[in-house]
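K.L.:
What follows is a structure written as structure tokens; I'll ask about it next.
The values are calculated or read from the model by the stated rules, or taken from the named source; none is laboratory data. Treat the numbers as computed from the prediction; the structure is a model and nothing was measured. All Cβ positions, glycine included, derive from the backbone under ideal geometry; neighbour counts span all protein chains shown.
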Amino acid sequence: MTQNASGLFHFNLAGAARGGISLFIQVMIGMLLVAAAGVFAVMTAIAGLILAGAALVMRFSGGRPAHAKQPHSEDEPMTLNARRTPRGWTVE
């Protein structure tokens with residue numbers, strides 16, 4: 001017999017290089033997608049913290065508006081001002 005032994009696996013250097021490069025590109029694309037998802041998650045968390053901080057600043061730094069006391073004469077009726085508080089309405 002002068003034939004070479006042929007098996008099921010035929011090694012081809014060009015095909016192996018093409019497969020290796022293809023696998024490398026797929027792994028890199030996967031890592032890029034995971035990294036992009038991580039960056040998006042971190043950016044979303046930062047935006048949420050900024051919104052929460054702004055809400056807290058608006059909640060606690062909002063001073064009560066100073067009502068200007070207008071002098072009234074004796075013949076006109078006195079007007080009471082009412083405002084909403086957490087415990088109900090307060091009349092000033």
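K.L.:
Could you tell me which numbered condition Thr44 fails, if it satisfies all but one of (1) under 23 Å from the mean Cα position of the chain (by Cα); (2) of a type in the set (S, T, N, Q); (3) at pLDDT below 85?
P.N.:
Condition not satisfied by Thr44: (3).
K.L.:
Also: Which pairs turn up if I take residues in segment 75-92 that are in a strand (DSSP E or B) and look for partners that are among the small types (Gly, Ala, Ser) and modelled with pLDDT of 80 or more with beta carbon separation below 8 Å, at least 6 apart in sequence or on another chain?
P.N.:
Matching pairs, first to second residue: Trp89/Ala82; Thr90/Ala82; Val91/Ala82.
Yes/no matrix, rows are residues, columns are (1) surrounded by 10 or more Cβ atoms within 10 Å (Cβ to Cβ); (2) at pLDDT 85 or above:
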{"residue": "Met31", "(1), (2)": "yes, yes"}
{"residue": "Gly38", "(1), (2)": "yes, yes"}
{"residue": "Gly48", "(1), (2)": "yes, yes"}
{"residue": "Phe60", "(1), (2)": "no, yes"}
{"residue": "Arg64", "(1), (2)": "no, no"}
{"residue": "Lys69", "(1), (2)": "no, no"}
{"residue": "Glu76", "(1), (2)": "no, no"}
